[in-house]
1. Could you compute the FRET efficiency for LYS57 and ALA35, with r as their C-beta to C-beta distance and R0 at 30 Å, rounded to 0.05?
2. So what are the ³J(HN,Hα) numbers for the range 68-85, from phi and the Karplus equation (6.51, -1.76, 1.60; θ = phi - 60°), rounded to whole Hz, Gly and Pro as x?
3. Checking the cross-link filter: which lysines have an alpha carbon closer than 28 Å to that of LYS38, excluding same-chain neighbours under 8 positions apart?
Amino acid sequence: MPASRRPSSASGAANRRPVDPNRPGLGKRMANYFAEVKIELAKVLWPKKQETVSYAKVVLVTLVLITLLIFALDYGFTKLVSWLFQ
């Protein structure tokens, strides 16, 4: 930001919202946050072990196939460019 657009310390303090005296402290807010996260994670329908293994197999097979496709295309284009510039 250009120096002319930076707020001065006096105007920056004037724009702050007032402190709420009833707001809980940082530790209490963090504890509340993690408690809510735990509750939400308990609601998640986690996949069974067999489903996870099955999905992992699909991902690995897809990874191998795409790797082979990219390798074949790279090899083919390399040969084509080498042949063109001989």
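The numbers here are math on the coordinates, done by the rules we state, and not lab data. The shown structure was predicted, so the numbers you read here are calculated from the model rather than taken from an experiment. Reconstructed Cβ throughout: ideal geometry from the backbone, glycine too, with neighbour counts over all protein chains shown.
1. The computed FRET efficiency comes out at 0.25.
2. In residue order, the calculated couplings are 5, 4, 5, 4, 5, 5, 5, 5, x, 5, 4, 5, 5, 5, 4, 5, 5, 9 Hz.
3. Output for LYS38: LYS28, LYS48, LYS49.
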